[in-house]
1. Per residue, how big is the convex hull of region 68-218 when only Cα atoms are used? Give it in Å³.
2. Leaving out same-chain residues fewer than 8 places away, which lysines sit with a Cα under 25 Å from that of residue 424?
3. So what is Rg over Rh here for region 222-270, counting just Cα atoms and using Kirkwood for Rh?
4. Collect residues whose amide H, placed 1.01 Å from N in the peptide plane, falls under 5 Å from the amide H of residue 342; neighbours closer than 5 in sequence don't count.
5. Leaving out ligands and nucleic acids, note down the accessible area per residue over the chain with a 1.4 angstrom probe, in whole Å².
6. Using the Cα atoms of region 1-130, I'd like the radius of gyration and the largest Cα-Cα distance, Dmax, both in angstrom.
7. Using bins 5 angstrom wide from zero, how does P(r) for region 366-461 break down, in % of all Cα pairs?
8. For region 126-175, with the dipole built from +1 on Lys and Arg beta-carbon atoms and -1 on Asp and Glu ones, taken about the Cα centre, which of 174, 143, 158 lies farthest toward the positive end?
Amino acid sequence: MKFSLKLLLWTIIVMAVALGFSGYFFVNYVFETSLAREVEQALDENSILSFAFETAALNVPAKYNILQDNTIEEIASNLETGGHGTSRLLRISDENRKILYASDGFEADGALLEQTDKSTKTYRVIKMSEGYYVQTGATVDTLDRILYLETMRDISDVFRERELGFSVYRRVTIAMLIAGTLIMHFISSWLTKPIRLLTKATKRMAAGDYSYRARQVSDDELGLLTKDFNDMANTLEENIGKLEEGIQDRENFVAAFAHELKTPLTAIIGYADMLRSHKLDEEKSFMSANYIYTEGKRLEAMALRLLDIIVTKREETEFQNVSAESIFRYLEDMFVGGGQRFRYRYDSGMVWAEINLIKTVLINLIDNACKASEAGGMIEVEGHRLETGYRFVVKDYGVGIPREEQRNVVKAFYMVDKSRARSKNGAGLGLALCKEILQLHGSVLEIESEPGKGTCIGFTLPNQGKEEADEENRKYRE
Ligand code: ATP
Ligand code: MG
């Protein structure tokens, strides 16, 4: 059952019970009060009649010292009419509770009389032929006789009013329940709107629409739940995006890898087949063998690069403080001669790094700069000491990288100009390796380039590696 329907049903049940009980108690309270008032009036009337009876008995001529039964009847008859043509219901009984006089319609039994004595006035409410009455009983002390006077007061109206009260209350209750149901229907659907919106969002997300968000329509607990849900959805979407990107990267990697393998292998197989099935002259067989050798070498270099990347990802690296001078001296020795001119400018200082890995990064960057430059092109390698770390920059004035390609060049096997890169023995793995190494050092490659003008690739190694910070923290704790 829907939550809003449950809310509606329970509210109606509670309302019905509350209205029912309150109505019952209210009508009954009014009834009890009216009944008590009627009983009081009936007892008062009985007292007045008793007094009137005694007075009338005293006025009987003296010769009748004894009150005769017929005199009693006469007095009772007078009291019954009240002298005004009105009619009362009364009954007079003698000492032995034998009825001496009874009004027409006084049909009550003698049960009340049994409880009545000289000191006790009694009453009861009885139902007699369609109507309700208060029957009262009291003793009348006249001359030498003790008589019993009973009266009846019609209180049917009080009972009728109670019935009327109940029926009015029933109708009011039903009307209020109908109105309450309509109002509660709107209130419950308004209150549960955030739940409906959340359910809709959950379904949309389950169907794969991760960008869908639930609309927040309130600031209460349900509103907060919606906000938390949306926050969760944001994180989820972000993570799924990353996962999808990772999967896409991996697929691209495999595709590129297969392609990079296929090209040299096809050539190697072709030349090898030619060598074994034809008798070639010396020059041609040398060319074929040489092609097989260089392509084989290229495959070997690619395999080694890939291994480097995997090893860099997996292996623990040992960081240490090394002097920038030693790194630059190494590079100066390494890139002597060749077709390019080199300019080295650097600040002295210490660099926090794994020395061999950083050398690999710089060699790759300089190698790329050489490949991108014309013969005799200038390549600048710089080192700047910063407050936060040490920054390396490799600058060339070569072909440059188009803006839209700058994000891609760090991907494995990615080459902007494939034929140009292959002609220079490139496999598109150098920058991917640099990216992995720098990630270990808490740094990234920053590429600035303009096609035709040149490229400037830099990275900053932070002053203190994570390992040393951890070590220091450990010492501090000890
Ligand atoms: P490898 O480094 O594996 O021998 P590669 O040099 O082609 O091959 P990366 O170093 O990863 O591979 O570079 C990827 C691509 O980025 C290059 O093929 C080249 O197109 C482009 N690139 C890199 N550095 C430069 C640069 N300084 N100037 C112009 N293009 C560059
Ligand atoms: Mg390279």
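The values are calculated or read from the model by the stated rules, or taken from the named source; none is laboratory data. Everything numeric in this text was worked out from a predicted model, so none of it was measured. Every residue, glycine among them, receives a Cβ derived from its backbone with ideal geometry; neighbour counts consider all protein chains shown. Heavy atoms of the whole protein, side chains included, go into the accessibility calculation; ligands, DNA and RNA do not. Shrake-Rupley method; radii C 1.70, N 1.55, O 1.52, S 1.80 Å.
1. Details: hull volume 32.8 nm³, N = 151.
Considering the Cα atoms of region 68-218, their hull volume per residue is 217 Å³.
2. List returned: 262, 284, 297, 359, 371, 395, 411, 435, 453.
3. On the way: Rg = 21.0 Å, Rh = 13.9 Å.
With Rh from the inverse mean 1/r over Cα pairs, Rg/Rh is 1.52.
4. Those qualifying (amide H under 5 Å, at least 5 residues apart or on another chain) are 379.
5. Values: 29380 Å² over 478 residues.
It amounts to 61 Å² per residue over the chain.
6. 24.9, 93
7. Taking every Cα pair in region 366-461, the percentages come to 3, 13, 22, 27, 20, 11, 4, 1, 0.
8. Farthest towards the positive pole: 174.
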